[in-house]
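Structure first, then comments.
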Amino acid sequence: MKILSVCFAYLLLTGCASHSVHFVHVDGFEDAADIDLSEAIYIESRSEQQVVLGLVFDTTYVDQAYQNLLNQCDGEIHAVSSQYSTTHGILQWTNKILMKGVCLES
Amino acid sequence: MHRITVGFFASIVLTSCARLDHIHISDIDQSTGILTPISVAMNEQAIETSEVATLSTALVGVLLDSPKISENADELGDLIHLMHLGPRTGNPTSNDRYAENVLEQLYIQCPSGNITGLRSIRESTTYGPVSGEIVRIAAFCIH
Amino acid sequence: MKSVWQLILLSIIGMNLFGCMSLASLSLTQVPADRNNLVVSQAHDWVFMGIVTQNDFADQAVNDLQKQCRNGKLTGILTKYQMTFYLLAVKREVVASGYCQRS
């Protein structure tokens, strides 16, 4: 029991964050031959959703990340990548979305 | 008895498995040029801490001949598992940024950016409670 | 003691009426400059006791999206595959949105 308490205290103090990257999806290279990369800019957007005890009723954080990405570019967005990951915690976790792309202003 | 226990744990650790979690295949255009395969793989060491805690506590209990320590093995594992709740793909890693530079790496391998046949793959190689979590993007560069 | 059990039971029933949602899959394709015509489609099915017999609902989401953009080009497609967990059932849902461009 003493060993358990010591281990628990150690883990609590150190934090011991753990993460899980679920997948990364990449697409949108179809018209790449026509793109002048010197005029293109990298854009990215991130969003998070805090979940406590598994109680979550929507996935609007995905739409938020998407909208943030669109707001950064008035032109076309090529080479889009979307990553979904989770940061684990004590009785709660954080879902994260990262969307990146190459913006070509019109 | 000790040799059998050590041998059992060693066999778990030494036997490796591969796992495929997610795959997406994009359009493949073979009509506009010669295709050269390219691949970007980002990996990170991962460890199932609750399993390691359970196994190591049980092993310590066996080696020290202490049933009291062995009894606490499962409890310790469950406690650690509760401290890392949430959706998982594979074993948890200590870093969630290892796969963020995928686009940049693709452009390094194919500077024109003229890419087709994109395959987004999430896989891992497991060695008992330890694994290598891999995000791999394979494609063809059109010349 | 009885009231505590009643409270716990009510909480479980309440949580299962709302359900807990999780994101299973996400994808995004190339986004166009012209984003005036947004089309959205949604399709779902129910899975009881974990028994899945078919995935046709996913094709339905694609067909609905196509119907809203006949003779046009659909790009910037955001696809979400999400699941809502209830006590004995799971609702699987595909939500797809895209921008329709007609020449």
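For segment B:86-135, give me each residue that is part of a strand (DSSP E or B), more than 8 Å from every other protein chain (Cβ to nearest Cβ) and over 21 Å from the mean Cα position of the chain (by Cα). Correct list: B:Gly117 only. Of everything in segment A:54-78 that's assigned to a loop (DSSP other than H, G, I, E, B) and over 18 Å from the mean Cα position of the chain (by Cα), which residue is surrounded by the most Cβ atoms within 10 Å (Cβ to Cβ)? Filtering segment A:54-78 for residues that are assigned to a loop (DSSP other than H, G, I, E, B) and over 18 Å from the mean Cα position of the chain (by Cα), the one surrounded by the most Cβ atoms within 10 Å (Cβ to Cβ) comes out as A:Cys73.
Residue-wise test of (1) within 7 Å of another protein chain (Cβ to nearest Cβ); (2) touching a residue at least 60 places away in the same chain (Cβ under 8 Å).
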residue	(1), (2)
A:Glu44	no, no
A:Ser47	no, no
A:Asn71	no, no
A:Ser81	yes, no
A:His88	yes, yes
A:Lys100	yes, no
A:Leu104	no, yes
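Which is surrounded by fewer than 16 Cβ atoms within 10 Å (Cβ to Cβ), of a type in the set (S, T, N, Q) and assigned to a strand (DSSP E or B), of A:Gln83, A:Gln50? Among A:Gln83, A:Gln50, only A:Gln50 is surrounded by fewer than 16 Cβ atoms within 10 Å (Cβ to Cβ), of a type in the set (S, T, N, Q) and assigned to a strand (DSSP E or B).
Can you tell me which of B:Leu85, B:Leu64 is surrounded by fewer than 20 Cβ atoms within 10 Å (Cβ to Cβ), aliphatic (A, V, I, L, M) and closer than 21 Å to A:Thr94 by Cα?
Working: B:Leu64 fails: closer than 21 Å to A:Thr94 by Cα.
So the residue among B:Leu85, B:Leu64 that is surrounded by fewer than 20 Cβ atoms within 10 Å (Cβ to Cβ), aliphatic (A, V, I, L, M) and closer than 21 Å to A:Thr94 by Cα is B:Leu85.
Kindly indicate whether C:Ala89 is surrounded by fewer than 16 Cβ atoms within 10 Å (Cβ to Cβ) and modelled with pLDDT of 85 or more. Answer is yes for this residue. For segment C:69-103, taking the residues that are over 26 Å from A:Ser81 (Cα atoms) and without any contact (Cβ under 8 Å) to a residue 60 or more places away in the chain, the one that is nearest to the chain's Cα centre (by Cα) is identified as C:Val90.
One residue is enough: does segment B:77-84 have a residue meeting the conditions at pLDDT 80 or above, more than 7 Å from every other protein chain (Cβ to nearest Cβ) and in contact with a strand residue (DSSP E or B) (Cβ under 9 Å, 6 or more places away or on another chain)? There is no residue in segment B:77-84 that is at pLDDT 80 or above, more than 7 Å from every other protein chain (Cβ to nearest Cβ) and in contact with a strand residue (DSSP E or B) (Cβ under 9 Å, 6 or more places away or on another chain). Of the residues in segment B:66-82, how many are touching a residue at least 12 places away in the same chain (Cβ under 8 Å) and of a type in the set (Ser, Thr, Tyr)? The number of residues fulfilling the criteria is 1.
For segment A:89-106, enumerate the residues that are more than 23 Å from B:Ile121 (Cβ to Cβ) and either touching a Pro at 6+ places or on another chain (Cβ under 6 Å) or surrounded by fewer than 24 Cβ atoms within 10 Å (Cβ to Cβ) (or both).
Keep residues of segment A:89-106 that are more than 23 Å from B:Ile121 (Cβ to Cβ), which gives A:89-94, A:103-106.
A:Gly89, A:Ile90, A:Leu91, A:Gln92, A:Thr94, A:Cys103, A:Leu104, A:Glu105, A:Ser106, listed by residue number.
Under 23 Å from B:Tyr127 (Cα atoms), modelled with pLDDT of 80 or more and touching a helix residue (DSSP H, G or I) at 6+ places or on another chain (Cβ under 6 Å): does that describe B:Val62?
Details: under 23 Å from B:Tyr127 (Cα atoms): yes; modelled with pLDDT of 80 or more: no; touching a helix residue (DSSP H, G or I) at 6+ places or on another chain (Cβ under 6 Å): yes.
It is false that B:Val62 is under 23 Å from B:Tyr127 (Cα atoms), modelled with pLDDT of 80 or more and touching a helix residue (DSSP H, G or I) at 6+ places or on another chain (Cβ under 6 Å).
The values are calculated or read from the model by the stated rules, or taken from the named source; none is laboratory data. These numbers come from a predicted model, not from an experiment. Every residue, glycine as well, gets a Cβ built from its backbone with ideal geometry; the counts of neighbours run over all protein chains shown.
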